[in-house]
Amino acid sequence: MHRAGQMREPGEKLPVVVNLSYGPHEGPHDGTDPFEVFADLMITYFGPAHSTPLTVVLAAGNSRQGKVHVQAHVESGASKVLPWRIQPGGRTESMLQLWLNKGARATVTLRSPSGATVSIKPPQSNVEYPASPADTFGAKYSLVNGRPCFTLYINPTEFNPGGGGVQLIAESGLWKVDVHNDGPKAIDLQGWIRRS
């Protein structure tokens, strides 16, 4: 924006277009993410009347949403099991965020292909699997703008020669995420797998 302002001739409008063609998948997807708030402020400030009006273009339809996004409805007292396939040969951590509606209460359990589990229930904020395979997966809970968010993470499934240090390798295969509704009202959840 500063450079466009320097290039602009007196009295000229010099529009700027920002193309975000490869964005993150994680986040609340409701306009409250810090980046979304910042983008809205920039677009408002550099609106059509500004001498350097700003337009932000977002990519759509190029990230195989069906493979990285889940929606589920869970009635009070019920559970929903979500499959999460972790590929072999992965040299980066896998992460899944589950966003619940405001006021929802849940216990989330992550189960490895061999049956090891970790469960998190608010007000717990961070849980790692305590025994062998130590620290290869875990879960975090946070409350973001009143919305419960569970972040599940699994270590890489292959040694990364450039990763340095001790690397604890997680299992590949079909993991399961169990969301149990502990509250009196139904849960509508949205889940997003982070881009590697």
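Results, tabulated for the structure shown:
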{"item": "Gap separating the Cα centres of segment 140-155 and segment 66-113, nearest whole Å", "result": "11"}
{"item": "Heavy-atom accessible area per residue - the chain, 1.4 Å, Å²", "result": "58"}
{"item": "Surface share of carbon and sulfur [accessible, 1.4 angstrom probe, percent] for the chain", "result": "55"}
{"item": "Whole-number D in µm²/s for the chain (Stokes-Einstein; Kirkwood sum over Cα pairs; 4 °C, 1.567 mPa s)", "result": "67"}
{"item": "Aspartates and glutamates whose Cα lies under 13 Å from that of Lys121, excluding same-chain neighbours fewer than 8 positions away", "result": "Asp178, Asp182"}
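The values are calculated or read from the model by the stated rules, or taken from the named source; none is laboratory data. Quick caveat, the model's predicted, so the values are computed rather than measured. When the accessible area is computed, the model is the full protein with side chains, heavy atoms only, and any ligands, DNA or RNA have been set aside. Shrake-Rupley method; radii C 1.70, N 1.55, O 1.52, S 1.80 Å.
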